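Student: Submitted below is the structure of interest, expressed as structure tokens.
The values are calculated or read from the model by the stated rules, or taken from the named source; none is laboratory data. This one's a predicted model, so the numbers in the text were calculated from it and none came from an experiment. Cβ sites come from the backbone with ideal geometry, for glycine too, and all protein chains shown count toward neighbours. Heads up: the accessible areas ignore ligands, DNA and RNA and are worked out on the full protein's heavy atoms, side chains in. Shrake-Rupley method; radii C 1.70, N 1.55, O 1.52, S 1.80 Å.
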Amino acid sequence: MQATINGKTVTFEEHDTILEAARRNGHFIPTLCELHDIDHTPGTCRVCLVEITRAGNREPTIVTSCNTPIEEGMVIRTRTQKVREMQRLQVELLLADHDLNCATCTRHGDCELQDVAQFVGLQHSRFHRDEFPRTRMVDTSSPAIVRDLGKCIRCFRCVAVCRNEQGVDALVVTGSGLETGVGMRDNLPQGASDCVTCGQCILVCPTGALGEKDETERVIDYLYDPDIVTVFQFAPAIRVGFGEEFGLPAGTNVEGQIIAALRQLGADIVLDTNFAADVVIMEEGTELLGRLREGKRPTFTSCCPAWINFAEKHYPDILPYLSSTKSPQQCFGVLAKTYLPEKMGIDPSKIRVISIMPCTAKKDEAVRRMLRIGDTPEVDLVLTTREFARLLKREGVDLRSLDPSTFDNPYMSAYSGAGAIFGTTGGVMEAAVRTMYKVLNGHELEGVVIDPLRGFEPVRTATVDLGGDIGTVKLAMCHGLKGVRTIVEDVLAGRADFDFIEIMACPGGCVDGGGHLRSKKHYQLHARKRRDAIYDIDRTKPVRQSHNNPQVQRLYEEFLGEPLSERAHELLHTRYIR
Ligand code: HC1
Ligand code: SF4
């Protein structure tokens, strides 16, 4: 089938929209609300206007290209005078009640609305008014996410992701006419709503309307305070996602440059969450074997904080099935304020633990009241990948110009390949199997890569023979909350037959966490490359099992005793709120 776009013949397929056919044939049409990757074409922004003349029809008309099917013989023009004037007017109307404090917006320079305003050649907005309707407020009630409705352009991508991709359905379209907006269901503040702070809505927001609660200023306060000892940790997925913030190809491993950047910032101690991931395997693996021996099944992993929020808010009856082991972020935090100062002779009250995570929900986790040592949080501050990039840019550090550095701390920085793979779906499960096999059989599993556990399907299942007195176990891995809802309902209804279930709330796991770089116009563009980079780290590590990490062995010998010892229990395990 053929049509003409800007004088050139193009071929198209049945059911193609004009926008799809134009893109495939290299014709640019600006859009703000449409997002192909999640099949979202609400037609609300009206900037994807084109002029069309249908076959056998002389009169051209203007239509929105995102939701108009292309037809045989159609003549399409994307840059006529009329189209350009109408697009410009449309953008002026969008800016009429938009908060135009662009210089102070964290999205400045990375905003799809700015791109479109440049494209239509807008130099000032004639209709702008400073008084917003009451509904266009800033909601700061969540510890993780800020919704600034003065910057919302009503594309409803966030509503679509939350409802259709995550199945949480916490966001709704509110009001009508000039007061149309996006709110939390039941008009609740975000902090009291059903939102689980996964941050997937942030990844698709075209403007600065959705973002993490920015903590870069507090980190700078800590860095320049001579009385404070800053201890940094960064998550498994950070090293393979962070380079993109500085223009490096997706999946580039920048672990060494991150260490160098933190030292240049003035960090006192730079350590690794991957070390704590190995510790989690020691605890969670032992806990799981105990539960299996007691006939308690299944056990769910507990390292993903958006999953914990989801379980607590949406399915509290599932909480008894969750592992009590804290996440690596929190195991790190508590050890950095107990074990580390004991070993290094530092006053624990001076230590501030700062995490760099690909995740917004980790901010929520860090302020949970059961994750404190007395009055002190185990983790003081969490920066997302995006904030860490912002911090480096604020402090004039260019990641690309740094020579890679290495860890030099003998207590909490070494990690195994098992700790590294936590950052992708199936990784926690694979790491746990490697260690449980050794515990049960006294010798290592041959061939540490367990292929059935790898993959990208939203729900995967596998059967693995662990040997010893446990034998064959049934495993499931699920990433993306939509699939989680089904699996949790199956468990509660007695329809599921599993021993161990790994849950990661973000589709893809942490490699595509809600705190990572936003890919303008795409959703989950780089997850696979980041995952492959994580598997490469595992492949090249001399130590690939958590129990063989020498720093983990030292931690147990010199501080914790055995996994699940009284001290390990007190420091590394938690409970959940119904
Ligand atoms: Fe994750 Fe985890 S893997 S939750 O995805 O268990 O964020 O990367 O840090 O805590 O280790 C995130 C990543 C991360 C924890 C670990
Ligand atoms: Fe929905 Fe997640 Fe956004 Fe909350 S953070 S509104 S759960 S997509």
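Student: Positive end of the charge dipole of the chain (Lys, Arg +1 and Asp, Glu -1 on Cβ, about the Cα centre): tell me which of 153, 106, 431 has its Cα farthest that way.
Tutor: Final value for the positive-end residue is 153.
Student: Round to the nearest 10 and give me the degree value, 0 to 90, for the angle of helix 255-265's Cα axis relative to the longest principal axis of the chain.
Tutor: 90 degrees
Student: Using only Cα atoms, tell me the angle between helix 385-394 and the longest principal axis of the chain; keep it within 0 to 90° and round to the nearest 10.
Tutor: 80 degrees
Student: Related question: Using a Debye calculation, one point per C-alpha and no hydration shell, please list log10 I(q)/I(0) for segment 229-301 at q = 0.15 Å⁻¹ in order.
Tutor: Computed log10 I(q)/I(0) values: -0.65.
Student: Out of the total accessible area of segment 2-94 (probe 1.4 Å, heavy atoms of protein only), what percent is carbon and sulfur?
Tutor: In segment 2-94, the share of accessible area belonging to carbon and sulfur is 45 percent.
Student: Could you order the peptides 323-330, 227-234, 122-129, 73-80 from most to least packed, using the average number of other C-beta atoms within 10 Å per residue?
Tutor: Ranking the peptides 323-330, 227-234, 122-129, 73-80 by packing returns 323-330, 227-234, 73-80, 122-129.
Student: Report the Cα centroid-to-centroid distance between segment 468-497 and segment 32-73 in angstrom, as an integer.
Tutor: 44 Å
Student: Could I ask something else about it? Rounding to the nearest 10 and keeping the result within 0 to 90°, find how far the Cα-based axis of helix 273-293 lies from the longest principal axis of the chain.
Tutor: With rounding to tens, the tilt is 70 degrees.
Student: Sticking with this one: Rounded, prolate or oblate: which fits segment 2-94 when a ≥ b ≥ c are the square roots of the eigenvalues of the alpha-carbon gyration tensor, with rounded for a/c under 1.5 and prolate only if a/b beats b/c?
Tutor: Oblate.
Student: OK, next. May I ask you to give the percent of accessible area on segment 217-572 that is carbon plus sulfur, with a probe radius of 1.4 Å?
Tutor: 48 percent
Student: Among the aspartates and glutamates, which have Cα under 14 Å from the Cα of residue 541 when same-chain residues fewer than 8 positions away are ignored?
Tutor: The reachable aspartates and glutamates, counting only those whose Cα sits under 14 Å from residue 541, are 255, 278.
Student: What ranking, highest mean first, results for peptides 57-64, 263-270, 331-338, 196-203 when packing means the other Cβ atoms within 10 Å averaged over each residue?
Tutor: Ranking, from highest mean packing down: 196-203, 331-338, 263-270, 57-64.
Student: While we're here: Would you calculate, for the chain, the mean residue ellipticity at 222 nm contributed by helices, counting each DSSP H stretch of 4 or more residues as -39,500 (n - 2.57) and dividing by all residues, to the nearest 500?
Tutor: -9000 deg cm²/dmol
Student: With a 1.4 Å probe and every protein chain left in place, work out the accessible area per residue of the chain in Å², rounded to a whole number.
Tutor: The answer is 39 Å² per residue.
Student: Can you give the local net charge around residue 492? Use residues other than it whose beta-carbon is closer than 12 angstrom to its beta-carbon, Lys and Arg +1, Asp and Glu -1.
Tutor: Summing Lys and Arg as +1 and Asp and Glu as -1 gives -1.
Student: Now a separate question. Taking the Cα centre of the chain as origin and charging only Cβ (+1 Lys, Arg; -1 Asp, Glu), how large is the dipole, in debye to the nearest 20?
Tutor: Computed charge dipole of the chain: roughly 1260 debye.
Student: Scale the Cα Rg of the chain by the rule-of-thumb value 2.2 N^0.38 Å and send over the ratio, two decimals. Spell out each step's value before the answer.
Tutor: Values: Rg = 25.4 Å, N = 578, 2.2 N^0.38 = 24.7 Å.
Here the answer is 1.03, to two decimals.
Student: Looking at the chain, send over the antiparallel percent of its DSSP beta bridges, to the nearest 5.
Tutor: 55 percent
Student: For segment 217-572, with the dipole built from +1 on Lys and Arg beta-carbon atoms and -1 on Asp and Glu ones, taken about the Cα centre, which of 295, 448, 238 lies farthest toward the positive end?
Tutor: It is 238, whose Cα lies furthest towards the positive end.
Student: Name the residue farthest towards the positive end of the dipole of the chain from the options 316, 47, 545, assuming +1 on Cβ of Lys and Arg, -1 on Cβ of Asp and Glu, about the Cα centre.
Tutor: The residue sitting most towards the positive pole is 47.
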